[in-house]
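J.: The structure follows.
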């Protein structure tokens, strides 16, 4: 069936998103066309704001709308504790537990030779500078429990070893090969409580 060019363009744009196939892209497009409540305009404005008003926090590299981000600015957070995660989505997962009260550091990936991602591509140097220059007493490594996450955690541990800071890793209540963002609150809470020392 031939469709109008704007419709086809939106279907194509939706289908390039992760986990959205052609059928879902079509359903989303036609839902927006039929919606009388200006949902299409709200979505368009939200996408423009996402592009124009989102930045990286210069301290922790989380996504933010101000620099530093609201977590880094919060004086009630424990400034001596940094939880290191691979992606900004992982912060949302940890925050859902309502158990963690420290700061974060987002690496923006994990070491993966297969994907051609090296330590230099990540925000590891910035983490080391943060620990060296501050009053950090513990770094919690909350990288994903898979080969890439483990390799990244070991590399970060070696980089932090000369600084004398306590380095812990989330307990293995998390499934091997899983992503942190999909972990439930109870599993993440137990993993935070059961973290352990990591040696270089």
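J.: Among the numbered criteria (1) without any contact (Cβ under 8 Å) to a residue 12 or more places away in the chain; (2) in the same structural domain as residue 139 (by TED's automatic domain parsing); (3) over 16 Å from residue 91 (Cα atoms), which one does residue 27 miss?
T.: (2)
J.: Moving on. May I ask you to list the residues in segment 92-110 that are outside any loop (DSSP other than H, G, I, E, B) and either touching a helix residue (DSSP H, G or I) at 6+ places or on another chain (Cβ under 8 Å) or closer than 15 Å to residue 159 by Cα (or both)? Don't jump to the end; show me each part of the working.
T.: We begin by selecting, within segment 92-110, every residue outside any loop (DSSP other than H, G, I, E, B); these are 92-96, 102-106.
Answer for segment 92-110, where residues must be outside any loop (DSSP other than H, G, I, E, B) and either touching a helix residue (DSSP H, G or I) at 6+ places or on another chain (Cβ under 8 Å) or closer than 15 Å to residue 159 by Cα (or both): 92, 93, 94, 96, 103, 104, 105, 106.
J.: Related question: In segment 67-75, is there at least one residue being assigned by TED's automatic domain parsing to the domain that holds residue 160, touching a strand residue (DSSP E or B) at 6+ places or on another chain (Cβ under 9 Å) and surrounded by 18 or more Cβ atoms within 10 Å (Cβ to Cβ)?
T.: yes
J.: Give the residue, chosen from 3, 94, 7, that is closer than 25 Å to residue 170 by Cβ and either touching a residue at least 60 places away in the same chain (Cβ under 8 Å) or more than 19 Å from the chain's Cα centre (by Cα) (or both). Outline the logic, then answer.
T.: Numbers: 3 fails: closer than 25 Å to residue 170 by Cβ; 7 fails: closer than 25 Å to residue 170 by Cβ.
Going through 3, 94, 7 in turn, the sole match is 94.
J.: Confirm whether residue 85 is in contact with a helix residue (DSSP H, G or I) (Cβ under 7 Å, 6 or more places away or on another chain), more than 25 Å from residue 56 (Cβ to Cβ) and touching a residue at least 40 places away in the same chain (Cβ under 8 Å). Show your work before the answer.
T.: Details: in contact with a helix residue (DSSP H, G or I) (Cβ under 7 Å, 6 or more places away or on another chain): yes; more than 25 Å from residue 56 (Cβ to Cβ): no; touching a residue at least 40 places away in the same chain (Cβ under 8 Å): yes.
Taking the combined requirement at face value, the residue does not satisfy it.
The values are calculated or read from the model by the stated rules, or taken from the named source; none is laboratory data. Note that the coordinates shown come from a computational prediction; the quantities given were computed from them, not determined experimentally. Positions of Cβ are generated from backbone atoms using ideal geometry, with glycine treated the same way; all protein chains shown enter the neighbour counts.
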